[in-house]
Amino acid sequence: MNKKIKVLIVDDSAVVRQAMEAILNSDPDIEVLATASDPFYAAEKIRKAIPDVITLDVEMPRMDGITFLKKIMSQHPIPVVICSSLTGKGSETALKALEYGAVDIITKPMMGTKQFLEESRIRICDVVKAAAGVKKKRILEIRAPEPKMTADVIIDKPGSRAMIQTTEKVVVVGASTGGTEALRVFLEALPLDSPGIVIVQHMPETFTASFAQRLNTLCQVSVKEAENNDTVLRGRVLIAPGNRHVLLKRSGARYYAEIKDGPLVSRHRPSVDVLFRSAARYAGKNAVGVIMTGMGDDGARGMLEMKEAGAFTIAQDEATSVVFGMPHEAIKREAVDRVLPLQSIAGAVLRECRV
């Protein structure tokens, strides 16, 4: 019998604490150890019992979440998941928390349709499980959840005839837990004239725009949240908007992004599998695929389809992955041409694209 993941919930809202407790306790692999209304009460709870994961609100009285996060990381590192509102200020603060060591971001549970609540439950529980895996030495022993749906619900499989290779290359990238930092390292290493890139990073809506803006200030390439019909250009990086799928499409010599609604695919929206399948179908040999750190298997099927279509595929190695789940699943399916440390991926992509 697997040991349950013990979680401490820290939020000043009693309603949010109750909702989070109900959501997390609904998963057989998770148990809420305690709840706290602010960091001072949380510190008392931690002295009595050490949780495996903390979910932390960033806007609280007496002590804000960022200050508490810094204290945790300096005194007794515990995987922390930021539980944030959907406001612009909330998203900026949550992204700052990632820089200080938080593992991931979830949005506060809200009322909505039955489908919305179920998707919110899946996201919250999966992120907590991934966070628990960050501190374990043997990440591969974590049981990855079975996917709900495949990319079939969004886009048909590519045909057996791969697209004829041209001189123009396009790069597609998928990442999840730990991906915000991995993507920064990858993109900062790219020159201004890099091939066009489309990225899926598992992240809630409203956060992807702030994430793209932050990267845009750090990198030579231009980075923006993808909008429907955006052209994929050299020197431009498009990041899938949170809660919507992104597909790579082609019209003549022009690659562009298509933004679509739809169900969760491999338990995610946006889904790496959807992006990778579209790259297999519309770019074929002209594509380079990269799969980075993250829990679960989103992207593994799509990467195999890319390889079968003639694309060159790269997976981040275990040593530099925060969670090795997604790259490992792609490697197991024999979908990967090269397994590389994070710092070597940009160079390999450029060489393959002959930049």
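Things to note:
- 3J(HN,Hα) from dihedral phi, region 212-228, Karplus parametrisation 6.51/-1.76/1.60, rounded to Hz, x for glycine, proline: 5, 4, 4, 4, 4, 7, 9, 10, 6, 6, 7, 10, 8, 5, 5, 10, 4
- Glu205 paired with Lys332, simple spin-label distance in nm, labels 7 Å along Cα-to-beta-carbon: 3.2
- Rounded to the nearest 10 Å², the accessible area of Asp152 at probe 1.4 Å: 90
- When the surface is traced with a 1.4 Å probe over the full set of protein chains, Tyr282 keeps roughly 50 Å² accessible.
- Span from the region 194-233 Cα centroid across to the region 96-130 one, whole angstrom: 21
- Treating r as the C-beta distance of Arg234 and Phe40 and R0 as 45 Å, the FRET efficiency rounds to 0.30.
- Residues in region 11-134 average 45 Å² of solvent-accessible surface per residue, probe 1.4 Å, ligands and nucleic acids excluded.
- 222 nm mean residue ellipticity, helices alone, for the chain (DSSP H n ≥ 4; -39,500 (n - 2.57); rounded to 500): -11000 deg cm²/dmol
- Each DSSP beta bridge with both residues in region 250-355 is either parallel or antiparallel, and the antiparallel ones are about 30%.
- Distance in nm between pseudo-label sites at Met63 and Lys224 (7 Å out along the Cβ direction from Cα): 4.2
- Near Ala36: Cβ cut-off under 12 Å, other residues only, Lys/Arg at +1 and Asp/Glu at -1. The net charge is -1.
- Chain lengthening between His76 and Glu118 when straightened (0.36 nm per residue, less Cα-Cα): 11.8 nm
- Seen against the Cα atoms of the chain and their longest principal axis, helix 65-75 is set at about 90 degrees.
- Rounded if a/c under 1.5, otherwise prolate or oblate - region 1-125, Cα gyration tensor axes: oblate
- Accessible carbon and sulfur surface of the chain relative to its total accessible area, %, 1.4 Å: 49
- Taking each residue as 0.36 nm, the span from Gln18 to Lys6 lengthens on full extension beyond its C-alpha to C-alpha distance by 2.7 nm.
- Residue with peak Gaussian network fluctuation, the chain [Cα springs, cutoff 10 Å], from Ala34, Ala280, Ala319: Ala319
- Pairs from the table (Lys114/Lys332; Lys224/Lys285; Lys114/Lys157; Lys108/Lys169; Lys224/Lys307; Lys108/Lys332) lying more than 32 angstrom apart at Cα are Lys114/Lys332; Lys108/Lys169; Lys108/Lys332.
- If R0 is 30 Å, the Cβ-Cβ spacing of Ile50 and Gln343 corresponds to a FRET efficiency of close to 0.35.
- Region 193-275 - Rg and Dmax from Cα coordinates, angstrom: 12.2, 35
- Nearest 10 degrees, 0 to 90: helix 14-25 Cα axis against the chain principal axis: 60
- For the chain, a crude dipole built from +1 on the beta carbon of Lys and Arg and -1 on the beta carbon of Asp and Glu, taken about the Cα centre, is about 460 debye to the nearest 20.
- Potential extension, Glu181-Glu31 segment - 0.36 nm per residue separation minus Cα distance: 51.1 nm
- Classification of region 237-355 by its C-alpha gyration tensor yields an oblate form. The axis ratio a/c (a ≥ b ≥ c) is 1.5 or more, and b/c is at least a/b.
- Region 273-335 and region 1-59: distance between their alpha carbon centers, rounded to Å: 34
- Oblate is the label for region 5-78. Its Cα gyration tensor axes, ordered a ≥ b ≥ c, give a/c of at least 1.5 and b/c at or above a/b.
- Taking the square roots of 5 times each eigenvalue of the Cα gyration tensor of the chain, largest first, gives ellipsoid semi-axes of 35, 20, 19 Å.
- Using alpha-carbon coordinates, inclination of helix 114-134 to the longest axis of the chain, degrees: 90
- Amide H partners (placed H, <5 Å) of Thr206, local residues excluded: Gly242
- Solvent exposure of region 309-351 as accessible area per residue, Å², 1.4 Å probe: 40
- Net charge of Cβ neighbours under 9 Å - reference Ile259; Lys, Arg +1; Asp, Glu -1: -2
- Amide proton proximity set for Ser271, modelled H, under 5 Å, gap of 5+: Val246
The values are calculated or read from the model by the stated rules, or taken from the named source; none is laboratory data. Since the model is a prediction, treat every value here as computed from it, not as a measurement. Glycine also receives a Cβ, built like all others from the backbone with ideal geometry; neighbour counts cover every protein chain displayed. Keep in mind that these areas ignore ligands, DNA and RNA; they rest on the heavy atoms of the full protein, side chains included. Shrake-Rupley method; radii C 1.70, N 1.55, O 1.52, S 1.80 Å.
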